[in-house]
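The block underneath contains the structure these notes are about, expressed in structure tokens.
The values are calculated or read from the model by the stated rules, or taken from the named source; none is laboratory data. Only a predicted model underlies this, so the values are computations on that prediction, with no experimental measurement involved. Cβ sites come from the backbone with ideal geometry, for glycine too, and all protein chains shown count toward neighbours. The accessibility values were calculated without ligands, DNA or RNA, using every heavy atom of the protein model including side chains. Shrake-Rupley method; radii C 1.70, N 1.55, O 1.52, S 1.80 Å.
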Amino acid sequence: MRGSLLRKNILTALLLAPATLWLVVFLVLPFIAIAIFSVGERAPEGGYQAALTFAQYANLPARATAFWNTMVLAPVGALACLFVAYPVAYYLALRAPQRWRLILLALIVIPFWTSLLMRTYAWMYILGGRGIPALLAYVGIEDLRLINTPGAVLLGIVYGYLPLMILPIYVSLERLDRRLLEASADLGATPLSTFIGVTLRLSLPGVMTGFSLVMILLLGEYLIPTLLGGGKVFFIGNALVDLFLQSRNWPFGSAIAITLVLVSVVVLIVANRISTRLSGARRVDLI
Amino acid sequence: MRAFVVAVFAFLYLPIALVVLFSFNAGQHASEFTGFSVQWYGKALSNPFLVEALKNSLFIATTSALLAAFCGTAAALGLQRVGARTRALFDALLGAAIVVPGVVIGISTLVALVQLFAVVNPFLASLWPTDQPPRLALGYGSIIAAHGLFSMALVTMIVGTRLSSLDRNLVEASGDLYATPLTTFRSIVLPQIMPAVIAGFLLAFTFSFDDFIIAFFVAGAQTTLPIYVFASIRRGVTPEINAIATIVLAASVLLVLLAQWQLGRRKPSP
């Protein structure tokens, strides 16, 4: 019996070994590496020199513009996504005809899995000088600048992350017990108060999951501000690319990356708290 | 509300449709469609740098998705056999691999690998008998590994979901009928999780093929298709890019549809 137990354990270990190795070597160790780098110093020729200093963190205000842009546009972008996404998710989950539901859902998922670079490029094409501005010039509106503005970046954000916001909200609305809606109506609630008291409240876990996911991914966004902001709207992602690939100040870049991760963790925790407190329900799974 | 939903779907698909339309434009400019032509496809596919980048991307996506499918499936099977605490730790790490922004994955992998190579390369050189020892460097391997991290986590989650809805009675029945564990696995478990494994592979491939930001950091001297496209977009928008974008979009739509079809397939009922 002991032999077979041992054999079972060996098999389990063998099954988990490759994934464990991968997670340790390419997730845990790299994270420890940037944590160590972030308390180091920049070597004169670029790169890293061992040290124990918080100078890199003290230097964070040097990139205040990038932080400011990200910290404003990420929540605003996530909110804009939410306002567009909620009615769509609501329609898909509660109003759409049954046989259309899966097709419509697939139409939402497909853009999410297609290249963000190509989709952002599409807007670059549309908003660029030979796109909408050229069309508007025909009708006499000249010199309109659309691309390389914060508005263009915001549009790109909503476009890129809308599917990711719709899906978790759809999932939480789909699980909603329809009898609660009837009960609320039977007890004399108006449609509006049923929506606020029942539907919205019970879908809050989905809303918070979508909001925190979109917000976290936006904190690390690079392509959208680069292509649609044209070097005028800098995000933390732009600062990181600059520090790691151009000016080669790795310790400072690591400090920014660690800060970014910490902010993400705070966002996740706060979102989780809010959804459990307001709905009393469990969190919706990320996947 | 229906009008709003229709508008949102139009918002999602019109820009893509425009890019596809203008990839067939005979003229240069986005403001006018001057006639049908496939000249930009010809131009794109006769550009040696682009073809090279495309080949690199296909190789990287295939390899990382295959590795992820194997390791992720193994991990999902293994996780069925461990205690709640190990499982929770694994789930947290897998969740982190999926949620942490690509920019952070990219730079942390870059930093870790460069440090690792700085230790390993002199060591290899001291052991190597000849004057030209192999040197580890950023390239195919590092992109495959970094993409594989996200992909493996994804496959583990998709296959894990399928495993948790697996009909245990069939597994027990198979054991009762004196099938060896291996036979049970091959004839009961594997056919039931196969659609999830295939879907995971396809999504992993799509992810790797489309990823720009992680590869941007760890590619070293290599170029993938998204890196090439990014660089040429920054030099200026040309209709040639519309043609490439159309090919890439069509490929990923096809792969995602295949994946969804695999995931939606019903388990064979006994």
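Which residue is farthest from B:A112 (Cα to Cα), if the candidates are limited to the range A:33-44 and must be more than 8 Å from every other protein chain (Cβ to nearest Cβ) and hydrophobic (A, V, I, L, M, F, W, C)?
Step one: filter the range A:33-44 for residues more than 8 Å from every other protein chain (Cβ to nearest Cβ), giving A:35-36, A:38-44.
If we keep only those that are hydrophobic (A, V, I, L, M, F, W, C) too, we end up with A:35-36, A:39, A:43.
Details: A:A35: 11, A:I36: 11, A:V39: 15, A:A43: 17 Å.
Only one residue tops the list, namely A:A43.
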Exercise. Using the structure shown, decide if A:S184 is closer than 28 Å to A:P75 by Cα, away from chain B (no Cβ under 14 Å) and part of a helix (DSSP H, G or I).
Key: no
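Could you please let me know if A:T12 is modelled with pLDDT under 95, in a helix (DSSP H, G or I) and either within 30 Å of A:G156 (Cα to Cα) or out of contact with any Leu (no Cβ under 7 Å at 6 or more places or on another chain) (or both)? It would help to see each step written out before you state the result.
Details: modelled with pLDDT under 95: yes; in a helix (DSSP H, G or I): yes; either within 30 Å of A:G156 (Cα to Cα) or out of contact with any Leu (no Cβ under 7 Å at 6 or more places or on another chain) (or both): yes.
Here the answer is yes, as A:T12 does meet what is asked.
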Practice problem: Can you work out which of the residues in the range A:234-251 that are touching a Ser or Thr at 6+ places or on another chain (Cβ under 8 Å) and open to solvent by 10 Å² or more (accessible area, probe 1.4 Å) is modelled with the lowest pLDDT? | Solution: A:F234
Practice problem: Starting from residues that are among the polar types (S, T, N, Q) and more than 17 Å from A:E221 (Cα to Cα), keep the ones in the range B:86-117 and report whichever is least open to solvent (accessible area, probe 1.4 Å). | Solution: B:T109
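Check B:A76, B:A65 and return the single one that is touching a residue at least 60 places away in the same chain (Cβ under 8 Å) and touching a Phe, Trp or Tyr at 6+ places or on another chain (Cβ under 7 Å). Spell out the reasoning first.
Numbers: B:A76 fails: touching a Phe, Trp or Tyr at 6+ places or on another chain (Cβ under 7 Å).
Every option except B:A65 fails the conditions.
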Quiz prompt | Matching residues, the range B:166-179, being in a helix (DSSP H, G or I) and without any contact (Cβ under 8 Å) to a residue 60 or more places away in the chain | solution = B:R168, B:N169, B:V171, B:E172, B:A173, B:S174, B:G175, B:D176
Quiz item: Which of the residues spanning the range B:261-270 are open to solvent by 60 Å² or more (accessible area, probe 1.4 Å) and either modelled with pLDDT under 85 or aliphatic (A, V, I, L, M) (or both)?
Solution: B:L263, B:R265, B:R266, B:K267, B:P268, B:S269, B:P270
Quiz item: Residues that are over 30 Å from A:Y222 (Cα atoms): which helices (runs of 4 or more DSSP H) entirely in the range B:180-270 hold 2 or more of them?
Solution: B:181-184, B:190-210, B:239-264
Quiz item: Which of the residues spanning the range A:43-58 are at pLDDT 90 or above and open to solvent by 70 Å² or more (accessible area, probe 1.4 Å)?
Solution: A:A58
Quiz item: Is it the case that the range B:164-184 has a residue that's farther than 30 Å from A:P30 by Cβ, surrounded by 15 or more Cβ atoms within 10 Å (Cβ to Cβ) and within 14 Å of another protein chain (Cβ to nearest Cβ)?
Solution: yes
Practice problem: For residues that are assigned to a loop (DSSP other than H, G, I, E, B) and more than 11 Å from chain A (Cβ to nearest Cβ), tally how many sit in the range B:1-52. | Solution: 9
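On the basis of being at pLDDT 90 or above and either open to solvent by less than 20 Å² (accessible area, probe 1.4 Å) or away from chain A (no Cβ under 12 Å) (or both), does B:A137 make the cut? Steps first, answer last, please.
Working: at pLDDT 90 or above: no; either open to solvent by less than 20 Å² (accessible area, probe 1.4 Å) or away from chain A (no Cβ under 12 Å) (or both): yes.
Judged against the criteria, B:A137 is not a match.
Quick test for you: out of A:A80, A:A122, A:A85, pick the one residue that is in a helix (DSSP H, G or I), open to solvent by 20 Å² or more (accessible area, probe 1.4 Å) and either in contact with a helix residue (DSSP H, G or I) (Cβ under 6 Å, 6 or more places away or on another chain) or facing chain B (nearest Cβ under 8 Å) (or both). Before the answer, list the steps.
On the way: A:A122 fails: open to solvent by 20 Å² or more (accessible area, probe 1.4 Å); A:A85 fails: open to solvent by 20 Å² or more (accessible area, probe 1.4 Å).
Result: A:A80 is the single residue among A:A80, A:A122, A:A85 that is in a helix (DSSP H, G or I), open to solvent by 20 Å² or more (accessible area, probe 1.4 Å) and either in contact with a helix residue (DSSP H, G or I) (Cβ under 6 Å, 6 or more places away or on another chain) or facing chain B (nearest Cβ under 8 Å) (or both).
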